[in-house]
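Data block below; observations after.
The values are calculated or read from the model by the stated rules, or taken from the named source; none is laboratory data. As the structure is a computational prediction, the values presented were derived from the model and not from experiment. Cβ coordinates were reconstructed from backbone atoms using ideal geometry, including for glycine residues, and neighbour counts include every protein chain displayed.
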Amino acid sequence: MKRIILFFTVSLLSCAIQAQAPLKQKLEMSIDEVGNGAIKVSMSMNANQWQVWLQSLGNNPALLKRTMEKELPAYFLDNFKLEKNDMDRSFEFSFKAYGICQVNKRGKWIVNTDQKNPDITKLTDNKYMMVWMEPRNNIQQTQIIDFPPTARNIEINKDAFGKTQFEFDINTPKGSFHALFWPGLILSITGIVWLFILLFIFK
Amino acid sequence: MKKLSLPLVIIVVGIIAAGIPFLFSGSNKASLDISINSIPLIMPAAHKVYANPDALNGQYHLFKAKITNTGKKTLENVVVKYQVPGHIEWTEISTTGIMIPGQTIVAVCYPVFNPSVTSKTTESVERANVTVEWEGADHRDIIEESFTFKMLSRNDFAYTCIPSDEILGWGDVYDNDPLLPCFVTPNDPIVKYYTQIVQEKVLKGEAASVTRSPEQGVQFMLGLYEATRMSHMVYSGTKGIPQNLQDVQTLIQHVRLPREVITGNTGLCIELSVLYASVLSNAGLDPIIYLIPGHAYPGFKIDGQYYAIEATGIGGEGLGKISSAQEAYKLGMEQLDEFIKATQAGDPRYSIIDVHQLNASGVISMNLDDNDYLRKKVDEIAENFTPKHQQVIQYVQQPVSNQLADASRFPGPLSFLIPTGWVTYHNPAPGFPLLIAQITSPDMVASVSVYNIPASSAEEAMHQLKQYFSQMGLALQYSISGSNVQGTSANYTTTFRWIGKIAPMSGGYRLVAVGSDNQLYSQYTGVINSVYNSIR
């Protein structure tokens, strides 16, 4: 997973970078059983920031969609939805990202964080949280990654370049018919051995 | 016979059970759905950008394939490959260990073209072939797709690849502008040779070792202008043709490379800007190209200060006036002032190409080979670099402090001069009323903060400020000596280092603090000290 930072707050932070507390952004990513991610980003702003955001992107969801597609070229995105709450000066932007998980040659499922040594907190067996800072735009992002219930052996490892990644297993369906092959084979061999004994040993 | 019936039944049942998976394998056939997003054109000049998944965040690729397993069978070792006949052999993009029913994989192709692609001087239509295969795939099951794209010539620059029905404004029409540094070739042996000759024959070594000095930088830029003027370089246009490519409508501009501008002794505004950027970069300066509606001009930046020159001032005998280096510099700086006003007003048509910053983002120039013929051409041109042709470069030194003299002054107690190009924000943080203004450098690394603090002493004012900072999660450290204050403010990722002055005003104290990110402080020392010394 490439770092998903909704950088559209850049323009509204052109001032007071050093003086203001960081903007806080929450990103929740729920991975389904086939490795796609449902992503939801939410954020609240002050009055000034809200006005600038509305003018730049908030009132132009199509541009927001294109911007996101440009920022995340490694995935296919669809099912975009933007919900604004003018009263609270907050928004929720959600979309679906295909191909969030990769499966390596050994069949391990992998989610890349694209970061070195991020602060990762385990919330539950299948839920992890990462907090990281984007200093240039002074945005603090909290990412919550929710793995599918069928995910097993979730481990935090590093790739060849030292970047942290999640690795896990998912039961691979082989099809119900495949389950009959080995019992059938054993049954056949048992019958042949039995027949051999009856015909040649106890004849 | 009766006693044999039971094992025979067991054998038959076992064979049937073991054979069922094979009997039903036909209905369990693999089925993949593929959709491909491809780009309509490739610019050979930018071939290193297309090849690099990290360049400009990986947004420039040949195609992106979305492959979904729509069958009921789990596939193993799914391999996506592509080729561009005549350019790229079959190359694997991705291998997926297993692909369960319903799973989608995304394969993004960053094509690695042979560097010789930059010798391509005509455009052509090329075909890309894509295949998806997996372990045990029947020959008939393998997915094969292909699409065509236009391969431009090495000199062609397409301004956008955004589909015409998606174009929203000026920025979209010139969406490919960040690729312009691909034409900036400081490492071209011919450009290096030209730079050496300009330093030797025009500047007489005066600015031969350009360091972090604005005066030397401007001196060098004027020398370069003088070199182009003495060689009778003329301003001339090249072809720019609007083209329709699939859903994209774009202007394709023929951009002569810096070596071609030098040896051809002619250039369009963008070509002259690219030439200046190449030579300035080769000389150790930080080149900038300013893009404005219908025009471009070059310059550089040092210590957060921006400089510009109107490179087309050379004009040509047929075009009327030929400006002197001083006139071209003056005009460039005037245009820069207008540029800054326009960007402050939020006009998206005015943009900066920061060559080195884009280089760091993976926008790298093409490799060009040395060429004896072109070196001889440079030698011929350099014969014009004689004292009898050369005007005296009467560069009136404009150190940062003098530049500040032309700049506006922030009003009120503890007024100070605002450096050229810096942007002023009044009441930038409504939740932090003590901060009444903030003035930031164009690259937003350095800034001046102005605080009005209701307090009865300087110490009390600083203490109050520290409390405010603390409430916002920022740690403020400072020391006061008379009216001079210095310190740092930090959150857990960055530290901002500053110096300033504090003085009484009606209703409290005013603090003016100027500084920058701690890691970049040394680069901004000149301008920070200049602002600090101008505080009255």
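So the values come out like this:
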{"quantity": "Residue that is farthest from the other protein chains (Cβ to nearest Cβ), among those in segment B:113-135 that are hydrophobic (A, V, I, L, M, F, W, C) and surrounded by 14 or more Cβ atoms within 10 Å (Cβ to Cβ)", "calculated": "B:Val117"}
{"quantity": "Number of positions in segment B:256-265 that are in contact with an Asp or Glu (Cβ under 6 Å, 6 or more places away or on another chain) and either of a type in the set (A, V, I, L, M, F, W, C) or modelled with pLDDT under 90 (or both)", "calculated": "1"}
{"quantity": "Contacts under 9 angstrom Cβ, first residue in segment B:338-352 being farther than 10 Å from B:Ile292 by Cα, partner assigned to a loop (DSSP other than H, G, I, E, B) and charged (D, E, K, R), 6 or more apart", "calculated": "B:Lys341/B:Asp347"}
{"quantity": "Matching residues in segment B:114-127 - criterion: being in contact with a Lys or Arg (Cβ under 9 Å, 6 or more places away or on another chain), under 15 Å from B:Phe149 (Cβ atoms) and touching a residue at least 40 places away in the same chain (Cβ under 8 Å)", "calculated": "B:Val117, B:Lys120, B:Glu126"}
{"quantity": "Residues satisfying the stated conditions in segment B:151-166, i.e. touching a residue at least 24 places away in the same chain (Cβ under 8 Å), over 18 Å from the mean Cα position of the chain (by Cα) and surrounded by fewer than 20 Cβ atoms within 10 Å (Cβ to Cβ)", "calculated": "B:Ser153, B:Pro163, B:Ser164, B:Asp165"}
{"quantity": "Scan of segment B:411-439 for residues that are assigned to a strand (DSSP E or B) and within 29 Å of the chain's Cα centre (by Cα), ordered by number", "calculated": "B:Val423, B:Thr424, B:Tyr425, B:Gln438, B:Ile439"}
{"quantity": "Of residues in segment A:16-42 being modelled with pLDDT under 90 and closer than 10 Å to A:Gln141 by Cα, the one nearest to the other protein chains (Cβ to nearest Cβ)", "calculated": "A:Pro22"}
{"quantity": "Residue selected from segment B:472-492 under the condition touching a strand residue (DSSP E or B) at 6+ places or on another chain (Cβ under 8 Å) and of a type in the set (Ser, Thr, Tyr), by the criterion nearest to B:Phe432 (Cα to Cα)", "calculated": "B:Ser489"}
{"quantity": "Filter pass, B:Pro442 being within 14 Å of chain A (Cβ to nearest Cβ), modelled with pLDDT of 75 or more, assigned to a loop (DSSP other than H, G, I, E, B) and buried (at least 20 other Cβ atoms within 10 Å of the Cβ)", "calculated": "no"}
{"quantity": "Pick from segment A:179-197, criterion facing another protein chain (nearest Cβ under 7 Å) and within 40 Å of the chain's Cα centre (by Cα), ranking: modelled with the highest pLDDT", "calculated": "A:Pro183"}
{"quantity": "Filter pass, A:Lys96 being within 12 Å of chain B (Cβ to nearest Cβ), charged (D, E, K, R) and either under 13 Å from the mean Cα position of the chain (by Cα) or at positive phi (or both)", "calculated": "yes"}
{"quantity": "For A:Ile39: the one exception among (1) loosely packed, with under 15 Cβ neighbours inside 10 Å; (2) closer than 30 Å to B:Thr494 by Cα", "calculated": "(1)"}
{"quantity": "Hits in segment B:331-366 (condition: under 19 Å from B:Val49 (Cβ atoms) and assigned to a helix (DSSP H, G or I))", "calculated": "B:Val355, B:His356, B:Gln357, B:Leu358, B:Asn359, B:Ala360"}
{"quantity": "Complete set of residues in segment A:118-135 that are free of Cβ contacts under 8 Å to residues at least 24 places away in the same chain and either in a loop (DSSP other than H, G, I, E, B) or more than 14 Å from chain B (Cβ to nearest Cβ) (or both)", "calculated": "A:Thr121, A:Lys122, A:Leu123, A:Thr124, A:Lys127, A:Met129, A:Met130, A:Pro135"}
{"quantity": "Residue match in segment B:255-264 (condition: surrounded by fewer than 20 Cβ atoms within 10 Å (Cβ to Cβ), in a helix (DSSP H, G or I) and not small (Gly, Ala, Ser))", "calculated": "yes"}
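The rows are residues; the columns are (1) more than 30 Å from A:Ala47 (Cβ to Cβ); (2) surrounded by 17 or more Cβ atoms within 10 Å (Cβ to Cβ).
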| residue | (1), (2) |
| --- | --- |
| B:Ser470 | no, no |
| B:Val512 | no, yes |
| B:Asn529 | yes, no |
| B:Tyr532 | yes, yes |
